[in-house]
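Read the figures in this text as sums done on the coordinates, not as results from a lab. All of these numbers come straight from a predicted model, not from anything done at the bench. Cβ sites come from the backbone with ideal geometry, for glycine too, and all protein chains shown count toward neighbours.
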Amino acid sequence: MTGERRPTRHIVVMGVSGAGKTTVARGVGELTGLRFAEADEFHPEANVARMRAGIPLDDADRWPWLRDLASWMAARHAEGVSTVLACSALKRSYRDVLRQGPPDVEFVHLDGSAELIRDRMTRRTDHYMSADLLDSQRAILEHLDPDESGIVLEVALPPDELVAAAVARLGLVPAASHRGHARVGSSRHLVRRDAEKQGP
Ligand SMILES: Nc1ncnc2c1ncn2[C@@H]1O[C@H](COP(=O)(O)OP(=O)(O)OP(=O)(O)O)[C@@H](O)[C@H]1O
Ligand SMILES: O=C(O)[C@H](O)[C@@H](O)[C@H](O)[C@H](O)CO
């Protein structure tokens, strides 16, 4: 085999529970054609049972889950498929595990007011994560370090603006069917930390 692998992009939309990771990651997938995955769906039953019971996961609960997610991204990379994953990725050490998957992982941190996020979680009725777990997630959250590839977006923005901002700031390419329709979020809401990447 002499052929080179196609370059791929691997985006992780991170943040505390209720920050809007699923909403934004799914939207980025729809706009760009990147393969979307929901990290919640990779949890073993025991983890889901803990969260349903209102018990925060600990590191030991999360390591195998994070390794599975890294493997999923690595497998897609091997197929030449770019991905967008909704995953809390709350600590630097968790993100380090995700970075062990494909060659590059870029993060979109949805960050903002605890009150706003709590309010959204309280209104959400179709999810096992209760708003009570938000404090435990905020307590361990570690923001992106300067050497980590990624951007921070403000959760108060509407979903379509967050999706458009993520796509624009990461330099992703909207799928052909969406070109000309993507709205680009205002740069005053954005912190760009890694400008050199190009989408496949
Ligand atoms: N930018 C937004 N503006 C208004 N409502 C939003 C926004 N983003 C998400 N929501 C709503 O807030 C709730 C939480 O969003 P979502 O499920 O995407 O968050 P999450 O980070 O994936 O949560 P979890 O980690 O618990 O799965 C949902 O009801 C969703 O419809
Ligand atoms: O790190 C964690 O504690 C878990 O990932 C949770 O955050 C959930 O998976 C998710 O955010 C809830 O939907």
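Some points to look at:
- Unit charges on C-beta of K, R, D, E only; dipole of region 10-192, Debye: 400
- Between amide H atoms placed 1.01 Å from N, distances below 5 Å from residue 55 occur with no residue 5 or more places distant or on a separate chain.
- Note on the chain: Kirkwood radius taken over Cα pairs, Stokes-Einstein applied at 4 °C and 1.567 mPa s, translational D equal to 76 µm² s⁻¹.
- For peptides 142-148, 108-114, sequence by mean Cβ density within 10 Å, most packed first: 108-114, 142-148
- Selected from 176, 90, 32, residue furthest toward positive end of dipole (the chain; charges at beta carbon): 176
- Note on residue 135 and residue 113: the extension gain reaches 6.7 nm, defined as 0.36 nm multiplied by sequence separation minus the Cα-Cα distance.
- Loop GluC sites (Glu not before Pro), region 53-131, which have at most 16 other Cβ atoms in a 10 Å radius of their Cβ (DSSP): 79
- Between residue 100 and residue 175, the contour length at 0.36 nm per residue exceeds the alpha carbon distance by 24.2 nm.
- Among 26-37, 65-76, the order from most to least packed when residues are scored by Cβ within 10 Å on average: 26-37, 65-76
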